[in-house]
Amino acid sequence: MHGSSGGGSGNSSSSSSPRTYSVDLVKDRNGIEQVLLKNHRGASVRVSLHGGQVRSWMNERGHEMLFTSSKAIFKPPKPVRGGIPICFPQFGSSGTLEQHGFVRNKIWSIDNDPPPLPPKDSIGKTFIDLVFKPTADDMKIWPHRFEIRLRVCLGSEGNLILIPRVRNLDTKPFSFSFAFHTYFAISDINEIRIEGLETLYYLDNLKERECFTEQYTAITFESEVDRIYVRAENVVAILDHERKKSFIIRREGLPDVVVWNPWATKAKAIADFGDDEYKRMVCVDGAAVERPITLKPCQEWTGRLELTRVNSCLDDLSLLR
């Protein structure tokens, strides 16, 4: 396991130090190992080896920033409804693969010898590296040799950084889609707006992926939304007026943004989702969906997603770019 605080590394530091951080192993209700990261301010991130899925992201006051359904199923091979599931090698449903691919339902491992990453993605942060490599049975589902790595970083200010890496270990090229299907916890779906997607083309999943252009300066919600915004700006924001807070979403290598809320009718039809829970969540995903990524043998793809929560509603999103 790994951790960094001003350049040092290890599992934990002295509790009397003003730069305390920790990386600890815990278990969920089904005995599945999870890694708990904490920074010196008391913010935390918990990531499960079931799917490499971030299950919790809390600020220094213990406020949860990710939504998890009260009806979520935590026992493999069922995916967990909430947090940040990893969708790979596809997003959505097509062919013989299950919806959103299969790695979100597999048990990952802690990667004790990860390839190096730029210093900006380790120094001054608490982090853990996970890895998944397909078994022979997995290759019957998707017949390609690959490895997928994930670095989960908790920054000194409580920001969450996810760095996925996919490497082609096969003798022939393959293509894939990828998404961090992020469930944000919000006050009320009627009280939020999403900025940074204006004038973009989007594919509407409710209309067989027909293409439209976003006409409004911000996205608000009055009914079900399921859209893929194509080649978006690298910064998008969720503004929560009731809580007077904003989520800032920065992306690299993830050109698309998926926005989803099931609304009332569909929420009632989802077995692992509460009837009224659509009011307290919205999914805004960093994704590569519209144009799948193709890797030649030995090639590697790297993405980056950074989530930050700020204590105000932003007036000018352009200042963050």
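Calculate the FRET efficiency for LYS27 and ASP204 from the Cβ-Cβ distance with a Förster distance of 56 Å, rounded to the nearest 0.05. FRET efficiency, LYS27 to ASP204: 0.85. In this structure, ARG193 and ALA136 have a Cβ-Cβ separation that, at R0 = 41 Å, corresponds to a calculated FRET efficiency of about 0.30.
Counting only heavy atoms of protein chains, what accessible area per residue, in Å², does region 165-321 have with a probe of 1.4 Å? Don't jump to the answer; show the numbers that get you there.
Details: 7200 Å² over 157 residues.
With the other protein chains kept in place, region 165-321 gives 46 Å² per residue.
A 1.4 Å probe, protein heavy atoms only, puts the accessible area of LYS78 near 110 Å². For region 208-287, the carbon plus sulfur part of the accessible surface works out to 44%, probe radius 1.4 Å. Ligands, DNA and RNA are left out, and with a 1.4 angstrom probe the accessible area of region 57-153 is 45 Å² per residue. Once the gyration tensor of the Cα atoms in the chain is diagonalised, the equivalent ellipsoid follows with semi-axes of 28, 25, 20 Å, ordered largest first.
A 28 angstrom limit on the alpha carbon distance is what I want to check against. Which of LYS133/LYS245; LYS106/LYS296; LYS120/LYS140; LYS27/LYS71; LYS125/LYS245; LYS106/LYS244 exceed it? Show your work: numbers first, answer last.
Working: LYS133/LYS245 39 Å; LYS106/LYS296 25 Å; LYS120/LYS140 38 Å; LYS27/LYS71 19 Å; LYS125/LYS245 23 Å; LYS106/LYS244 37 Å.
Cα-Cα > 28 Å for LYS133/LYS245; LYS120/LYS140; LYS106/LYS244; rest within.
With all protein chains present, how much of the accessible area of region 59-181 (probe radius 1.4 Å) comes from carbon and sulfur, to the nearest whole percent? Can you show the working numbers first?
Working: 2700 of 5060 Å².
Roughly 53 percent of what the probe reaches on region 59-181 is carbon or sulfur.
The values are calculated or read from the model by the stated rules, or taken from the named source; none is laboratory data. Worth saying up front: this structure is predicted, and the values here are computed from it rather than measured. Glycine gets a Cβ as well: all are built from the backbone with ideal geometry, and neighbour counts include every protein chain shown. To get the accessible areas, we keep the full protein, side chains included, count just its heavy atoms, and leave off ligands, DNA and RNA. Shrake-Rupley method; radii C 1.70, N 1.55, O 1.52, S 1.80 Å.
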